[in-house]
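Okay, so here's the structure we're looking at.
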Amino acid sequence: MSTAGKVIKCKAAVLWEQKKPFSIEEVEVAAPKAYEVRIKMVATGICRSDDHVVTGHLFTPLPVILGHEGAGIVESIGEGVTAVKPGDKVIPLFIPQCGKCTICKHPEANLCSPKVHPGTMQDGTTRFTCRGKPIHHFASTSTFSEYTVVDEISIVKIDAAAPLEKVCLIGCGFPTGYGSAVKVAKVTPGSTCAVFGLGGVGLSVIIGCKAAGAARIIGVDINKGKFAKAKELGATECINPEDFQKPIHEVLMEMSGGGVDFSFEVIGRLDTMAEALSCCHEAYGVSVIVGVPPVSQNLSVDPMLLLTGRTWKGALFGGFKSKDSVPKLVADFMANKFPLDPLITHVLRFEKINEGFDLLRSGKSIRTVLTF
Ligand code: PAD
Ligand code: ZN
């Protein structure tokens, strides 16, 4: 029996309060309104940005259904939707692409400007209810639910043959890292790169640096357990800042003969953002901020670092325009142009979401994929 046009009751992981476990609840998911799409989720990765909401490092209104790295199948569409139809395999997009705003029309930029009210659909309301209370959306995606509703500008159709339990990583972690190397930094052949943070996103930066032909890729992490996988994916050396007496940027400058060509901060800390900028070579080094900084905090650096020719940049989603790039990246994955399997260390049933977050927090996982 078709569920189109009806409220669906299903399970979702609700975060009621910061620093508390997720609670698996029965939620009501309203039918999609005009220009909205309801999706049956098939798989979702766990990203550090979700955990940043739990800890308060990143702000979004609570209670909320988190999750922004998912893949699923369209269950039903609202009036006027033309981008997808029921049965299509899709990836929700945490950065929309409306195609009409000044930013979408800019050839290089990707931060589509329709301002999503934090925690709601484009129209300012929510489609989730639990125990009679409205539950907020997260990043236009909310993939930690058996069903979710997203705006048409925040969804894209992908190849019907794509394995959703793998390509869900193309919803966030993989493009964010890979694009930071190939599109934002524009890593050059023969260059030396330093990657701070060897989680799912940092390892995807390494895959991008290698694809761009970097000669040396130095991984930096305080968890030595991350080094083997980083080397498997292309890191030529890995170092632990805790093994040195001096600041790590000095170590990197010595290792690279004056500074690296490209550096990436893929942790989300102010101190490592400053270290990553400082380890770049004067006159031409480029440093890219990928990690999400703690909410409302400022970083003080010596502007002389920039005056003497270093470039400091940052980007969300690897600078990729989401609707244009996600289907192409899925096709590239299907054509074996890059791997995703090494990034997926654990696969758990959705109900075990708290176990998945424990694995991330203890440094034991790269990506845990939850399946529905
Ligand atoms: P992760 O937690 O899997 O990886 C972070 C890594 O950093 C871990 O291996 C840690 O051991 C390591 N680390 C922690 N502290 C330090 C330190 N002081 N020095 C060196 N290494 C350290 O996270 P992830 O890979 O899922 O995400 C990384 C960051 O990227 C995080 O801040 C996340 O919010 C952000 C992100 N940004 C975007 C974007 O669009 N820019 C998208 C997705 C994730
Ligand atoms: Zn993410």
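The values are calculated or read from the model by the stated rules, or taken from the named source; none is laboratory data. Computed from a predicted structure; not experimentally measured. Here the Cβ positions follow ideal geometry from the backbone for every residue, glycine too, while neighbour counts run over all protein chains shown. Note: accessible area is taken over every heavy atom of the protein model, side chains too, but ligands, DNA and RNA are not part of it. Shrake-Rupley method; radii C 1.70, N 1.55, O 1.52, S 1.80 Å.
Springs join every pair of Cα atoms under 10 Å in this Gaussian network model of the chain, and among I239, I155, I46 the largest mean-square fluctuation is at I239. The phi-based Karplus calculation (6.51 cos²θ - 1.76 cosθ + 1.60; θ = phi - 60°) puts the 3J(HN,Hα) values of region 252-259 at 5, 5, 5, 4, 9, x, x, x Hz, whole numbers, x for Gly and Pro. Ordering E355, E146, E254 by accessible surface, largest first, gives E254, E355, E146; the 1.4 Å probe counts only protein heavy atoms, with every chain in place. Relative contact order of region 318-372, taken over Cα pairs closer than 8 Å and 6 or more residues apart, is 33 percent. Under 5 Å between amide hydrogens, built in the peptide plane, is the criterion, and for I217 it picks out C193, T236, E237 among residues at least 5 positions away or on other chains. For region 1-85, trypsin sites (Lys or Arg not before Pro) are listed when DSSP marks them as loop and at most 11 other Cβ atoms sit within 10 Å of their Cβ; the list is K19.
The listed residues T236, T141 rank as T236, T141 when sorted by accessible area, largest first, using a 1.4 Å probe. Measuring nothing but protein heavy atoms, the accessible surface of region 298-372 at 1.4 Å probe radius is 55 percent carbon and sulfur. Taking a straight Cα-Cα cut-off under 24 Å and skipping sequence neighbours fewer than 8 places away in the same chain, the lysines within cross-link reach of K337 are K89, K157, K166, K183, K186, K210, K226, K229, K231, K321, K323, K328. Among V205, V74, V149, the residue with the largest mean-square fluctuation in a Gaussian network model of the chain, with springs joining Cα atoms closer than 10 Å, is V74. Couplings 3J(HN,Hα) of region 189-199, computed from phi: x, x, 7, 10, 10, 10, 10, 8, x, 10, x Hz, in residue order, whole Hz [Karplus 6.51 cos²θ - 1.76 cosθ + 1.60, θ = phi - 60°; x for Gly and Pro].
Converting phi to 3J(HN,Hα) with the Karplus coefficients 6.51, -1.76 and 1.60 and the offset θ = phi - 60°, region 232-239 yields 4, 8, x, 5, 8, 8, 9, 10 Hz in sequence order, with x at every glycine or proline.
A simple count of charges around A43, restricted to other residues whose Cβ falls under 13 Å of its Cβ and scoring Lys, Arg +1 and Asp, Glu -1, yields +2. A simple charge model with +1 on the Cβ of Lys and Arg, -1 on the Cβ of Asp and Glu and nothing else charged puts the dipole of the chain at about 700 debye relative to its Cα centre.
Within the full protein context, the accessible area of C172 is estimated at about 10 Å² for a probe radius of 1.4 Å. Taking every protein chain into account, the accessible area of region 306-371 amounts to 46 square angstrom per residue (probe 1.4 Å).
Label zone (R131, point 7 Å along Cα-to-C-beta; backbone nitrogen cut-off 20 Å) within region 1-34: 9-30. For the pair region 305-372 and region 84-139, the centres of their Cα atoms are 19 angstrom apart. Scanning residues 5 or more positions from Y147 or on other chains, those with amide H under 5 Å from its amide H are M41, with H placed 1.01 Å from N in the peptide plane.
Any idea what the relative contact order of the chain is, in percent, if you count C-alpha pairs under 8 Å spaced at least 6 apart? Across the chain, relative contact order equals 18 percent. A cut-off of 5 Å between modelled amide H atoms, ignoring neighbours fewer than 5 places along the same chain, links I46 with T368, L370. Across region 119-247, the relative contact order, built from alpha-carbon pairs under 8 Å that are at least six residues apart, equals 16 percent. Expressed as a whole percent, the accessible surface of region 172-286 that belongs to carbon and sulfur atoms is 54, based on a 1.4 Å probe. Straightening the chain between E254 and E17 buys 80.7 nm, computed as 0.36 nm per residue apart minus the Cα-Cα spacing.
Of the residues H68, H106, the one with the largest accessible area comes first in the ranking H106, H68, computed with a 1.4 Å probe on protein heavy atoms. Given R0 = 25 Å, the distance between the Cβ atoms of E351 and N223 translates into a calculated FRET efficiency of 0.35. Comparing L316, L93, L299 in a Gaussian network model of the chain where C-alpha atoms under 10 Å apart are linked, the largest mean-square fluctuation is found at L299. For region 114-238, a crude dipole built from +1 on the beta carbon of Lys and Arg and -1 on the beta carbon of Asp and Glu, taken about the Cα centre, is about 320 debye to the nearest 20.
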